[in-house]
Amino acid sequence: MSAKLSTITTQYRRFTKNQVLTEGNLNEVVDFFDDQDRLSRIYLSGVGIVCGLYPAYNETQKTISITQGTGITTDGDLFKLYQADVLGNKKIDFDSKTYTHCKVYDNTKAAYKPFFYGGANQQLPLFELLTEEQQKKEKDPNFALAQFKANTSFELKDAVILLYLESYEKESDLCVSLSCDNQGLEIVGNYKVLIVSKDVAAKIMNYDSMIGKINYGNLYHTLPDLKSNRIVLKKEDFVHLEALKQTFTKGIFKNNVVKNLQDGYNKLLTGLNMPIVLDVIQKKITELFNFDGDPILPSDFQYRYGLLNDLVDTYNETRALLLNLEDSYCYPDINAFPKHLMLGELFKSEPCFEFRHAFYKSPLLTGESLTPCNDCLADDTDSEEKDITSDELKICYGEDTARQRMYSLILRSAELLENYNTAYDFIKITPSLQLGKLGKKPFLFTMM
């Protein structure tokens, strides 16, 4: 069944006295308000997992549990975990749901394409989790989670959990006692908890344009926390200039600070999709700090040490800002995950999930684009004179946001390296004497 928002109903009819109503008139009203409700969710709130819905495995009991939570698909479906009482009524007032069994899942009725299908239109290997109550009523072959690997060919440590809304129109030949014309066509919506391998999850994610967005929290945890070396000078270091050079050189390269700085910038700028800035910074660091072990050391060794300290401080401040960044999505891709949510891998090895949807907020929730003013004026610099990094660093000096502070710090790193003059003909910019973060200082010490 196609997504609800694949077509939008923008009008409906008011009913009048003695009017002959058709199915089109009635469906038009339902579709209009359903579309408005869905559009309000995804464009005024956002899409993805709002809270909860965390999977966990109990090794002792051989069960999988998922906490109660809330999520919104890009088709505007509101996801919760549901539990039926003795009368069959659906309830949401519980903390978690436990699954004990599993079965092969057949997606023939809903045909959720392209997500659940591979080459030659073949369905990917999907398995449905069952609670103890569901298993007792299940007619299809199923197995306990204790026998998971023997029945699925992959282990639970390589498993990813999905929440899926199986939606389809019920076949007309299932109508009994009353005609289908009197009952209407039933739209079935079954919430399924699926378990797949990481390989299958990766294939499903290939069609998802949202889950690949930058995860700033995950990026923060992958970056090293750097510290530059403090150089402690002794009396004998001042006997000869060469002895002083050797002491500074050892301090610069001790503990692989330069290499770690390059690795840190490589991970940071690769994660931020800034290959041009990365290339500029890496080349200049290699060029300026390539004298380890050289018999003749540069005469500006103190300035290079100061430059290295500034670069390390700038990198650490940039890294810290990642935790304050929040992207907003004015128009999320409605085809990204219209009927499913990725809840994450069952066994998480990194600080952040690799296979889990975040919550992708509307600008209404992040406070962006709520003013008619635009402090970012057009850059009137001649196009030939613009820095090559300007396409990746969208600097807007009228905005005081974490993103703009991060862009400014990255630009500062590139400018420090680009404008360092090994000939030190004259000093163009002098440093601030105040202590504190580099972002609060007017300029750094730069040899021009």
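Which FRET efficiency value, to the nearest 0.05, do you get for N229 and K283 by plugging their Cβ-Cβ distance into 1/(1 + (r/R0)^6) with R0 = 30 Å? Between N229 and K283 the formula returns 0.80. The distance between label points at Q36 and D400 comes to 4.1 nm (points 7 Å beyond Cα on the Cα→Cβ vector). Each other residue within a Cβ distance under 14 Å of Q147 adds +1 if Lys or Arg and -1 if Asp or Glu, for a net charge of +2. Residues whose amide H comes within less than 5 Å of that of T63, counting only those at least five positions distant or on another chain, are N58 (H built at 1.01 Å from N in the peptide plane). As a rough footprinting exposure proxy, the listed residues V232, V312, V30 were ranked by other beta carbons within 10 Å of their own, and the order from fewest upward is V232, V30, V312.
Rounded to a whole number of µm²/s, how large is the Stokes-Einstein D of the range 189-341 at 10 °C and 1.306 mPa s, given Rh as the Kirkwood radius over C-alpha pairs? Intermediate values should be presented prior to the final figure.
Details: Rh = 19.2 Å.
Here the translational diffusion coefficient equals 83 µm²/s.
Build a GNM of the chain with springs between Cα atoms under 10 Å apart, and of N316, N273, N58 the one that fluctuates most is N58. Relative to the longest principal axis of the Cα atoms of the chain, helix 301-321 runs at roughly 20 degrees. Bridging of K109 to lysines at a Cα separation below 25 Å is possible for K4, K80, K90, K136, K137, K139, K170, K192, K198, K203, K339, once same-chain residues fewer than 8 apart are set aside. In terms of the mean number of neighbouring beta-carbon atoms within 10 Å, the peptides 73-84, 140-151 order highest first as 73-84, 140-151. Mean-square fluctuations from a GNM of the chain, with a 10 angstrom spring cutoff on Cα atoms, peak among E354, E236, E345 at E236.
Among the listed values (1) -1.33; (2) -1.04; (3) -1.19, the one computed from these coordinates for log10 I(q)/I(0) by the Debye sum over Cα atoms at q = 0.13 Å⁻¹ is (3).
Name the shape class, rounded, prolate or oblate, that the alpha-carbon gyration tensor gives for the range 58-103, where a ≥ b ≥ c are the square roots of its eigenvalues, rounded holds for a/c under 1.5, and otherwise prolate holds if a/b is larger than b/c and oblate otherwise. The partial results should precede the final answer.
Working: a/c = 2.11, a/b = 1.39, b/c = 1.53.
Cα axes put the range 58-103 in the oblate bin.
Assign one of three labels to the range 45-204, namely rounded, prolate or oblate, based on the Cα gyration tensor with a ≥ b ≥ c the square roots of its eigenvalues; rounded applies when a/c is under 1.5, prolate when it is not and a/b is larger than b/c, and oblate otherwise. Rounded. Considering only alpha-carbon pairs that sit under 8 angstrom and 6 or more positions apart, the relative contact order computed for the chain is 17 percent.
Using a simple spin-label model with pseudo-atoms 7 Å out from Cα toward Cβ, K157 and H240 lie 5.7 nm apart.
For the pair Y331 and S209, label points projected 7 Å from Cα toward Cβ lie 1.0 nm apart. Here the relative contact order of the range 1-42, from alpha carbon pairs under 8 Å that lie six or more residues apart, stands at 50 percent.
Relative to the longest principal axis of the Cα atoms of the chain, the long axis of helix 241-253 lies at roughly 0 degrees.
With a/c under 1.5 counting as rounded, go ahead and sort the range 63-157 into rounded, prolate or oblate using the C-alpha gyration tensor (a ≥ b ≥ c being the square roots of the eigenvalues; past the cut-off, prolate if a/b is larger than b/c, else oblate). Let's see the in-between values first.
Details: a/c = 1.72, a/b = 1.16, b/c = 1.48.
Oblate.
With R₀ set to 60 Å, the beta-carbon distance separating H221 from T10 gives a calculated FRET efficiency near 0.85. For the chain, with a Gaussian network of springs between Cα atoms less than 10 Å apart, report the residue from M210, M274, M406 with the top mean-square fluctuation. Checking each option, the largest mean-square fluctuation is seen for M274.
For the chain, the longest principal axis of the C-alpha atoms and the axis of helix 402-418 are separated by about 40°.
No lab work stands behind these numbers, since they all come straight from the coordinates. Source: prediction; values computed, not measured. Because the Cβ atoms are built from the backbone with ideal geometry, glycine has one as well, and the counts that use them run over all protein chains shown.
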